[in-house]
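Trainee: Handing you a structure now.
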Amino acid sequence: MAATLPEYFFRIRENGAFVFRVDTENRQRRIDMEQIAAINIRNGEIKPHGGRALSERDLAEIKTWMAERSAVLAARDIDDIKRAVDHLNLTAHWAQTKATDEQLEAVTDDLLLTMHDLRSVLVRKKADRLIKAQKGD
């Protein structure tokens, strides 16, 4: 049973992907992948590869992939933050129940500065949202 391959392949890189057109319809029945573009998720840029012109279908597939990828990355960001909250709770429990004086001495200043910085940012952002909501009323 042969699997049907997608028409496009996206090789993910840090800030986007390289886009390849997948071709299996050749004499040797090999999989050929021809790079057609490089994309940047952060700024939405789509650069055709090798001076080629992208078809409307190419652009539609690329834009669909970019939207889906952006949604995945946004969900991962929130998941990472929720994991950080869990880890802070575990850290508090560790500090209260298991940590030695030497261990606490090694991490206390870094943790206090980090938490102070985070608290300052969160309080400022919360105040900005409250002021914005009041102005909207």
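Trainee: Just to be sure I understand: with springs between alpha-carbon atoms less than 10 Å apart, which residue in SER70, SER55, SER120 has the highest mean-square fluctuation in the Gaussian network model of the chain?
Mentor: Ranking SER70, SER55, SER120 by mean-square fluctuation puts SER120 first.
Trainee: Oh, and also: Taking trypsin sites (Lys or Arg not before Pro) as exposed when DSSP calls them loop (any state but H, G, I, E, B) and at most 13 other Cβ atoms lie within 10 Å, what is the longest stretch of the chain free of them, the sites themselves excluded? List each step's numbers first, then the result.
Mentor: Values: sites that count: ARG27, ARG29, ARG30, ARG42, ARG52, LYS98.
The reported range is 53-97.
Trainee: Using Cα pairs under 8 angstrom and six or more residues apart, how large is the relative contact order of the chain, in percent? Please list the in-between numbers first.
Mentor: Working: 88 pairs, mean separation 14.8, N = 137.
Normalised by residue count, the contact order of the chain is 11 percent.
Trainee: Follow-up. What residue among ALA127, ALA99, ALA37 has the largest mean-square fluctuation in a Gaussian network model of the chain, using Cα springs under 10 Å?
Mentor: Most flexible of the set in this elastic network: ALA127.
Trainee: Return one number: the angle in degrees, 0 to 90 and rounded to the nearest 10, between the long axis of the Cα atoms of helix 101-136 and the longest principal axis of the Cα atoms of the chain.
Mentor: 70
Trainee: Let me ask another. So how many Å³ per residue does the convex hull of the Cα atoms of the chain work out to? Mind showing how you got there, number by number?
Mentor: Numbers: hull volume 36.4 nm³, N = 137.
About 266 Å³ per residue, rounded to a whole number.
Trainee: I've got another one for you. For LYS135, list the lysines whose Cα falls under 26 Å from its own Cα; do not include residues on the same chain fewer than 8 positions away.
Mentor: Leaving aside lysines fewer than 8 places away in the same chain, those within reach of LYS135 are LYS125, LYS126.
Trainee: Assuming a ≥ b ≥ c are the square roots of the Cα gyration tensor eigenvalues, decide whether the stretch 65-137 counts as rounded (a/c under 1.5), prolate (otherwise, with a/b larger than b/c) or oblate. Each step should come with its number before you reach the end.
Mentor: Details: a/c = 3.23, a/b = 1.52, b/c = 2.12.
Cα axes put the stretch 65-137 in the oblate bin.
Trainee: I would also like to ask the following. Looking only at ALA106, ALA84, ALA71, which one moves most when the chain is put into a Gaussian network model with springs between Cα atoms under 10 Å?
Mentor: ALA106
Trainee: Let me ask another. Assigning unit charges at the beta carbon (Lys, Arg +1; Asp, Glu -1) and nothing else, what dipole magnitude in debye, to the nearest 20, does the stretch 1-86 show about its Cα centre?
Mentor: Working: 15 positive and 15 negative charges, 41 e Å.
Its charge dipole is roughly 200 debye.
Here, each number is a calculation from the coordinates, and none is a lab measurement. These figures come from a predicted structure and were not determined experimentally. Note that we place each Cβ from the backbone using ideal geometry, even for glycine, and neighbour counts take in every protein chain shown.
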